[in-house]
Each structure stands twice: as structure tokens, then as C-alpha cells.
Amino acid sequence: MKYLTLIRHAKAGSIVPGSDDAQRTLSDRGRADARMMGRILAAQGRDPQCILVSPARRAIQTGELLKPPVAMDVRQQLYLAEAETIWDFAYTSFLEYQCLWIIAHNPGISEAVELFSGSRIENVPPGGIITIVFDELIPAGGNGRLIFFDIPAHHR
């Protein structure tokens, strides 16, 4: 079995006109939410063997605050990636690993849930976490089962 945990970066600070979107940092609430969601992930007892993360500062900060047990691998193509790109990274990583986290952005994360599992989550909010399990790995994906979905607002 293969486990894919999709994580939308936590709440970012406001966009400053004229600034680079990729350099936005987490808000105070985003930092608190990421720490809290990290504790929830740790309690699941399914540590990732690989973590792929968007190069955006808010995504990297989210990953750092989740306190993962392995180093993050920054992948430029995950910045604002579409679901198909996220799957390409997941499938390739699953050839080597059983448990993978991907930290990225919407709409790609929300679209990925439906593409990978057939489950529809209209809008995964900042800090949202989804785990999909694959009993069998097929190149086209789409055969996963949604086994976990949680958001920071459930714990405030």
C-alpha cells in the first residue's frame, strides 16, 4: 500500500502590491495552525519517507512547522502546480517510497483529491491535510481511497 498525504500550505500573510507571491510568509495564525496540524500528523504514526514541497516560502515554512522526521525536497514545479503535475511527482516517488507528503497550493491540491481518489472536496482550506491510500499503483492514478481529511478550523 502507498500513502499520499497532500498538505495545503497554512494561512499566508497578505499580498503586498508589487511583491513576489512566492516570497509571502505565513501569518501568525498560519504558523499556529501548521504546528497544530503537525501534532495531528504525528499522532497518525505514519511518518513520511519523502516530503516534496513547493519553493514558495509559505509552503516551506508550513513544512518546517509540521516538524517532519525527514528532510524536505523543494521542487520548483510544485509552485502553483496542477493536479496532473502533483500526480507525476507522487507516482515517481512511489516507485521508491511507501509514504509520501506533498506540500503545495490550491487549486492543485483540491483538484488532486478528486483526480486521485474520486472524492470531491470543493476547496481544501489553508493548512488542510488529506491522506489517500493506493492499494495498487497504476500510472494513470485515480484508484486511491480518501482515508483522512482534516482542517485547522476543526481544532480552534
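Hand me the list of strands (runs of 3 or more DSSP E) wholly inside the range 43-156 holding 1 or more residues that are at pLDDT below 95 and closer than 25 Å to Ala32 by Cβ.
Once the strands (runs of 3 or more DSSP E) in the range 43-156 are filtered for at least 1 residues that are at pLDDT below 95 and closer than 25 Å to Ala32 by Cβ, nothing remains.
Residues being more than 25 Å from Gly30 (Cα to Cα) and free of Cβ contacts under 8 Å to residues at least 12 places away in the same chain: count how many of those fall in the range 113-142.
Of the residues in the range 113-142, 3 are more than 25 Å from Gly30 (Cα to Cα) and free of Cβ contacts under 8 Å to residues at least 12 places away in the same chain.
Can you find, within the range 66-115, the residue that is nearest to Gly45 (Cα to Cα) among those that are among the small types (Gly, Ala, Ser) and under 13 Å from the mean Cα position of the chain (by Cα)?
Ala90
Across the range 86-99, what is the total count of residues that are farther than 16 Å from His9 by Cβ and of a type in the set (Val, Ile, Thr)?
1
When residues of the range 27-52 are filtered for being in contact with a His (Cβ under 9 Å, 6 or more places away or on another chain) and aliphatic (A, V, I, L, M), how many remain?
The number of residues fulfilling the criteria is 4.
Could you figure out which of (1) in contact with a strand residue (DSSP E or B) (Cβ under 7 Å, 6 or more places away or on another chain); (2) crowded, with 17+ Cβ neighbours inside 10 Å isn't true of Gly141?
Status for Gly141: all satisfied but (1).
Go over the candidates Ala71, Ala43, Ala90 one by one and state the one that is within 18 Å of Ile147 (Cα to Cα) and surrounded by fewer than 18 Cβ atoms within 10 Å (Cβ to Cβ).
Testing whether each residue is within 18 Å of Ile147 (Cα to Cα) and surrounded by fewer than 18 Cβ atoms within 10 Å (Cβ to Cβ) leaves just Ala43.
Evaluate the following for Gly13: is it within 19 Å of Val124 (Cα to Cα), surrounded by fewer than 19 Cβ atoms within 10 Å (Cβ to Cβ), out of contact with any Gly (no Cβ under 7 Å at 6 or more places or on another chain) and modelled with pLDDT under 95?
So Gly13 passes the test.
The values are calculated or read from the model by the stated rules, or taken from the named source; none is laboratory data. What you see is a predicted model, and the numbers here were worked out from it, not measured in a lab. Note: ideal-geometry Cβ built from the backbone for every residue, glycine included; neighbour counts use all protein chains shown.
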